[in-house]
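The structure appears right after this line, and notes come after that.
The values are calculated or read from the model by the stated rules, or taken from the named source; none is laboratory data. The structure displayed is predicted, hence computed values, not measured ones. All Cβ positions, even for glycine, are placed from backbone atoms using ideal geometry, and neighbour counts span all protein chains on display. Accessible surface areas use protein heavy atoms only, side chains included; no ligands, DNA or RNA. Shrake-Rupley method; radii C 1.70, N 1.55, O 1.52, S 1.80 Å.
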Amino acid sequence: MSKEELINEMTKKLSVIPGIDLNFSQPIMDNVEEAVSGVKGSLVVKIYGDSLNYMEQELGEVYNAMKDIPGVEDLGIMHNIGQPEIDVNLDQQKMALYGVTTANANAVLSMAIGGQAASTLYEGIRTFDIRVRLPEEYRKTEEDIGNLLVPTQNGSKVPIKSIAEISRKTGACLIYRDENERYAALKFSARGRDMGSTVAEAQKRVAAKVHLKRGYRMAWQGDFENKERAQTRLAQVVPISLLLIFILLLTMFGNFKDAGLVFLNVPFAIVGGIAALYITGTDFSISAGIGFIALFGICIQDGIILITIFKENMHKVRTGADSMYTAIKLGVNQRIRPVMMTALMAAVGLLPAATSHGIGSESSRPLARVVIGGILCAMIFSLWVFPIIFGWAYRKFDKRPYDHVEK
């Protein structure tokens, strides 16, 4: 069973449980995700601000905007609100009227609800606080807490309900902070679709439907950030790699025509890599991008092998051995084995990685499929199309009719 099948089976079994949000991860991935975004989720939407209630309300709007987007899975809000609590709001004017100090009122509440350390118990080198706390029947409800007596300065006692407003409300159970700012988070994953287009569509929908008031801001974090950083780096590395390849070809052949002809293998290899991703249903990833870079060097080698033998056979044209097109055909026959060996060796060698579903295959599989598809396409191009383009480029090399060439 592959990882995708396992996740689908677990989703089917667990989705019947009401009130839960699912998230599928692995131990190391879990730690990395939490280190990157602070939330255990592959992709995260954060709203920064002060009011937890307002931020969770807006996250509900984000949830509704994203729930129907293809590829968005494991969508769920990381709730900050949800802890029931009793709020005792002391009235300073009433406390002054009865002669109750804030310290005495807080001491009674602290001892009654949370307990206070009255002594210490020693067991060898270990120490334990002995806490004094009211029995549960005296602090179970708001009325019970309101009947607790607080000493006044003249020695009498008054119930807490006479000097405070007591209410039950739902407060914060967990407060997330990032760079000294409160935030509320929504997590989701991208499955069955590439991360880039999934997040792009989600951002577009959320921007159209969710408008935060002043003082609040939204941020998209998680693996999406890593992808953006890697794409930026690839956008720098790929042109540099192509430029270096072309400079090396120019240095090797000494003219732009031959270097350009060999460089034509690159776009055909790219077409093959894209076709391989499409046929296998593999989403484009950074691993696939690295596979394209590796593919450039391999496909260039085929062009060098063929153009070298073509030029050698063309020299025989000047000595009257063969015509140019016969020389090209002879060159293909002479170099078809090394060209096919180069392609098939890489394809067969990467085939296990392209078909594997084990641990770590998420990274190796796209790279292998890109290289296999691209190098097979480049091989076909090199043997069938490249000789025609070469002959067209050097069509003026020999003006003599084929019949007048010495046999």
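Side notes on the structure shown:
- If you filter the stretch 268-289 down to residues that are open to solvent by 60 Å² or more (accessible area, probe 1.4 Å) and in a helix (DSSP H, G or I), you find that the one that is nearest to Leu350 (Cα to Cα) is Thr280.
- Under the condition of being aliphatic (A, V, I, L, M), open to solvent by 40 Å² or more (accessible area, probe 1.4 Å) and touching a Lys or Arg at 6+ places or on another chain (Cβ under 9 Å), the residues counted in the stretch 331-358 number 1.
- For the stretch 166-212, the set of residues classified as of a type outside the set (A, V, I, L, M, F, W, C), at negative phi and without any contact (Cβ under 8 Å) to a residue 40 or more places away in the chain consists of Arg177, Gln203, Lys204, His211, listed by residue number.
- When the criteria are applied in full, Ile307 fails the requirement of being part of a helix (DSSP H, G or I), within 27 Å of Pro239 (Cβ to Cβ), open to solvent by 20 Å² or more (accessible area, probe 1.4 Å) and at pLDDT 80 or above.
- Exclusive hit being modelled with pLDDT of 85 or more and touching a Ser or Thr at 6+ places or on another chain (Cβ under 7 Å), set Val72, Val88: Val72
- Counting only strands (runs of 3 or more DSSP E) that fall entirely inside the stretch 153-206 and contain at least 1 residues that are under 25 Å from Ile81 (Cβ atoms), the qualifying elements are 164-172, 176-178, 181-190.
- For Arg233: the one exception among (1) open to solvent by less than 60 Å² (accessible area, probe 1.4 Å); (2) in a helix (DSSP H, G or I): (1)
- Residue in the stretch 50-65 that is assigned to a helix (DSSP H, G or I), modelled with pLDDT of 90 or more and under 30 Å from Tyr138 (Cβ atoms) present: no
- Residues within the stretch 127-152 that are of a type in the set (Val, Ile, Thr) and either assigned to a loop (DSSP other than H, G, I, E, B) or open to solvent by 100 Å² or more (accessible area, probe 1.4 Å) (or both), tallied: 2
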